Structure formats: C-alpha cells, structure tokens
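Asks: Structure in structure tokens, see below.
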Amino acid sequence: MTKRKINIFGTTGSVGQSTLKVLRESKEAYEFVTFSAHNNVDQLIADCLEFRPRYANVGNEKYFWKLKNALSHTNIILSYGKRSLLDLASIKVDWSMSAIIGFAGVEVSLRCAEYSNVLALANKEALVCAGNLLLDICKTNDTKLIPVDSEHSAIFQCLEGERRKDLQSIILTASGGPFRDWSLKEMESATLKQALKHPNWSMGTRITIDSASMFNKALELIEAMHLFGLNFSEVKVIIHPQSIIHSMVNFNDGSTLAQLSLPDMKGPIGYALNYPKRLNIDLENIDFTKLGSLEFFEPDKKKFPALDIVEKVGKNLDLGVIFNAAKEIALDKFISGEIAFLKMADLIEKTLEESSLINNISAMSQNATGIKELDELTREFAKKLKF
Ligand code: MG
C-alpha cells in the first residue's frame, strides 16, 4: 500500500503536537515530508528523530546550526527561513496540516491549497485575511479544505450530506473563558496571568488571551462565514461553558444538529486526517451519565466588545486583514503591559475606522502581496496608537 504523504507546518505548536499524537498511532501508514517550527528547535529535533520526515525547516535562522548539529547524522534535508518553507509547501503531498500561528501561516496555507490534496486548516489568519483567495485556490486545484478548529470541524461534520440550501443558520459555541463570570469593572483590571487561565482547553499563549477577550470567537465567526458561505446574520455566538457541544447547525425544518465530544484537539485532527472515514483514534466517547448539565447563555457584548466590533468586518469581509493585524498589535500591547485588557477593543475599533487603511481594501485583498502590504500598514498604524 502506498503511504500517504504528510506535511505538518507548525509541528511544535499545540495543534502540531496533537497532530503527532494522532499520527503516532498509525505511523506506518504515512510518509512524512515536511516538519517545520519557528523557534522551538529542541522539539523539532525530537520530532524529526522520531518521525524522520524528508525535510525540516526552522523559521528563525539563529537556530539552524543547532538543527544541523543534531540531525547531521540523518538524511533529513534541513533549511531555515520563509523562502525555503514556501518551497517545501510547494511539494505535492496528500495531506497538509497548516498549523503555523498568526499571519506567518497565511502564505503557507495558500501554497498548501495549491499543492496538497487535502488542506487541514488550523491557521485562522488564512481565512480571516485571505478567505476569498484561499477558497479560489482550493477550487481551482480541487483541494479538499477541512477545518481543524473545533467549532468549524463541528459545523463541517453537521453539514456532511446536507444540502446547503436547507441550512438556516449556525451557532458557534464559546466557553466564555476565564472572565465569563467576572463583572465589567473587574475585567478592566484583568492581568495577563488571569487571562491565561483557560477553563477547558490547553492552547498557546496568544490564542488563550484571544479566547479570554473573545477576539478568537470573532475570528472564528469570520472564518465560518467564508467556509460555509454565510452572511453575518446567519452566524450566532452563544456561551456554553462546558465546551462539550463544539457548534451547531440550524436547518429549515426546525432541526438542529450538534457535534459533541470531549474537548481534545485530537478529535478534529483525526476527523480531518481520516475524512470521510472515522477511524479509531485514542479518544473516549462522552459518558452522558457522568456529564452533568450543559448550560447556554447569551454573551454580554459590553464585557466582550469583540463580538460587537466583528459586525463591521462581517458586513465587509475585506476588512479581515485590518481586523486581524490590529488585534495582533493590541495583543502585543496587552502582553507587554502597555494597555489594559479592555483597551484592546478600543485600539482595534479605532484602527478599523482609519481611512488611509480602508480606502482601497477591496483592491488590496485580491492577492497575497496586497494582503501582506495591508497587514504591514495596519500594524504600523496600530503600533502608534496610544490609550
Ligand atoms: Mg476554536
């Protein structure tokens, strides 16, 4: 049997490591082509020694010597930097996991859309910043795009075998994060440490803070609009603290389908890997007798202004690049202690109103170069804002 050729971009991040956990269970079935990391060279070395990919790339040049020293006795072909990474993403493979965090993952995702049979997409920015372009490339190259974020995987699963026109709306669930029960007053002085205490999911630093502020949910809402061809009015967010229902779909006949599983990224990753089959992965089914109650609440938009601000983007998806870049800068400023937790929203809102940025967005969002330029201009502008 021919082995499936597999890439994992962002191997050492949280999704990359969960991907390896799933793949480890049936390692013999795969041929590993490219593994990549940005800074975490030690983990990359360990993963390369275990899985023996054909290529390994480290983003940060200063770690290349370490990678080279550790792997010189193997025949793994080593490189560093973005240009080499994009070349590696242009090798024909069966399945690519695109799990690089942040805007850096956009170009890699676009390449995977061109050269992989299946693109398992965990990088959020590819859809938020380049959604139309990404979907076009997938269509032209007959690439199957399978979302890996738990919410979008849930919706994707609920829509399997359904007619698009029977779909009425979708409900994205949100845990509510660590500040769900806090007052607005308390949230004003929320610290980094408090924002990092996610109740259900263990994830990287930036996405955990984005979950606490619900900017992550705002990004997911934009992603869902692209992925499933929905209008802003067809996507709702509700708080579901237990993170058991990963999202739901409402149909015209009054039915709602939901996807439930324990909160573990191995679920959506395994689904994207084995689609359309559901092969055994090491993940327990829910024991409903032990589950207790499931709760649902309307989110408070005063506490989570992200859900208000996103409406503007939802009504003009080309604003996604500006929204995302402003959010990244706001996050940097919160992490460094320059601004308070709730001020992140003010910074993003202000940036979305800047005419020098929004004037020619529709022209700029047509290709990767324009998107990158707009991203850079937005960051420059947002960095200068003071709150
Ligand atoms: Mg999610």
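Asks: Among the residues of the stretch 192-203, count how many are away from the ligand (no atom under 14 Å from the Cβ) and without any contact (Cβ under 8 Å) to a residue 40 or more places away in the chain.
Replies: Total meeting the criteria: 4.
Asks: Shifting gears a bit: Can you pull out the residues in the stretch 136-147 that are away from the ligand (no atom under 16 Å from the Cβ) and open to solvent by less than 30 Å² (accessible area, probe 1.4 Å)? Before you say what the answer is, go through the steps one by one.
Replies: Going residue by residue through the stretch 136-147, those that are away from the ligand (no atom under 16 Å from the Cβ) are 136-145.
C138, T143, L145, listed by residue number.
Asks: A further question follows. Checking the conditions here, which among E295, E338 is in contact (Cβ under 8 Å) with a residue 24 or more places away in the chain and either open to solvent by 10 Å² or more (accessible area, probe 1.4 Å) or touching a helix residue (DSSP H, G or I) at 6+ places or on another chain (Cβ under 8 Å) (or both)? If you could, list the steps in order and put the result at the bottom.
Replies: On the way: E338 fails: in contact (Cβ under 8 Å) with a residue 24 or more places away in the chain.
Testing whether each residue is in contact (Cβ under 8 Å) with a residue 24 or more places away in the chain and either open to solvent by 10 Å² or more (accessible area, probe 1.4 Å) or touching a helix residue (DSSP H, G or I) at 6+ places or on another chain (Cβ under 8 Å) (or both) leaves just E295.
Asks: Moving on to the next point. Filtering the stretch 204-241 down to residues that are among the polar types (S, T, N, Q) and crowded, with 18+ Cβ neighbours inside 10 Å, which residue is farthest from the ligand (Cβ to nearest atom)?
Replies: Here is the first cut: in the stretch 204-241, the residues among the polar types (S, T, N, Q) are 205, 208, 211, 213, 216, 231, 233.
Restricting the remaining residues to those that are crowded, with 18+ Cβ neighbours inside 10 Å gives 208, 211, 213, 216.
Values: T208: 11, S211: 8, S213: 14, N216: 6 Å.
In this case the residue turns out to be S213.
Asks: From the set of residues in the stretch 86-107 that are within 13 Å of the chain's Cα centre (by Cα) and modelled with pLDDT of 95 or more, which is surrounded by the fewest Cβ atoms within 10 Å (Cβ to Cβ)? So that I can check it myself, show each step before the final result.
Replies: Within the stretch 86-107, the subset within 13 Å of the chain's Cα centre (by Cα) is 97-106.
Pick out the ones that are also modelled with pLDDT of 95 or more and you get 97-100, 105-106.
Numbers: M97: 30, S98: 28, A99: 28, I100: 29, G105: 23, V106: 27.
Ranking the candidates gives G105 first.
Asks: Only residues that are within 15 Å of the ligand (Cβ to nearest atom) and part of a helix (DSSP H, G or I): list them for the stretch 106-135, please. Even if it seems obvious, please write down each step before you answer.
Replies: If we filter the stretch 106-135 for residues that are within 15 Å of the ligand (Cβ to nearest atom), which is where we start, we get 120-128.
Those that are within 15 Å of the ligand (Cβ to nearest atom) and part of a helix (DSSP H, G or I): E125, A126, L127, V128.
Asks: Among the residues of the stretch 70-85, which ones are of a type outside the set (F, W, Y), crowded, with 16+ Cβ neighbours inside 10 Å and more than 24 Å from T2 (Cα to Cα)?
Replies: So the first thing to find is which residues in the stretch 70-85 are of a type outside the set (F, W, Y), and the list is 70-79, 81-85.
Still in the list and also crowded, with 16+ Cβ neighbours inside 10 Å: 70-71, 76, 78-79, 84-85.
Within the stretch 70-85, A70, L71, L78, S79, S84, L85 qualify.
Asks: Continuing with this model, one more query. Looking only at the stretch 171-182, which residues are away from the ligand (no atom under 15 Å from the Cβ) and either within 18 Å of the chain's Cα centre (by Cα) or free of Cβ contacts under 8 Å to residues at least 60 places away in the same chain (or both)? Give the derivation first.
Replies: Step one: of the stretch 171-182, the residues away from the ligand (no atom under 15 Å from the Cβ) are 178-182.
Correct list: P178, D181.
Residues checked against (1) of a type in the set (A, V, I, L, M, F, W, C); (2) open to solvent by 10 Å² or more (accessible area, probe 1.4 Å):
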| residue | (1), (2) |
| --- | --- |
| D308 | no, yes |
| K315 | no, yes |
| D318 | no, yes |
| V321 | yes, no |
| A325 | yes, no |
| L342 | yes, yes |
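Asks: Is one or more of the residues making up the stretch 13-30 surrounded by 16 or more Cβ atoms within 10 Å (Cβ to Cβ), of a type outside the set (A, V, I, L, M, F, W, C), over 16 Å from A120 (Cβ atoms) and touching a strand residue (DSSP E or B) at 6+ places or on another chain (Cβ under 7 Å)?
Replies: So far as the stretch 13-30 goes, no, none of its residues is surrounded by 16 or more Cβ atoms within 10 Å (Cβ to Cβ), of a type outside the set (A, V, I, L, M, F, W, C), over 16 Å from A120 (Cβ atoms) and touching a strand residue (DSSP E or B) at 6+ places or on another chain (Cβ under 7 Å).
Asks: Inside the stretch 158-170, can you point out the residues that are within 16 Å of the ligand (Cβ to nearest atom) and surrounded by fewer than 22 Cβ atoms within 10 Å (Cβ to Cβ)?
Replies: Quick first cut of the stretch 158-170, residues within 16 Å of the ligand (Cβ to nearest atom) only: 158, 170.
C158, the sole residue that qualifies.
Asks: Here's a check for you: in the stretch 148-157, which residue that is open to solvent by 10 Å² or more (accessible area, probe 1.4 Å) and out of contact with any Pro (no Cβ under 6 Å at 6 or more places or on another chain) is farthest from L257 (Cα to Cα)?
Replies: Ranking the candidates gives D149 first.
The values are calculated or read from the model by the stated rules, or taken from the named source; none is laboratory data. Keep in mind that what you see is a predicted model, and the values were worked out from it rather than measured. Cβ sites come from the backbone with ideal geometry, for glycine too, and all protein chains shown count toward neighbours. Protein only, heavy atoms only, side chains kept; ligands, DNA and RNA dropped before computing areas. Shrake-Rupley method; radii C 1.70, N 1.55, O 1.52, S 1.80 Å.
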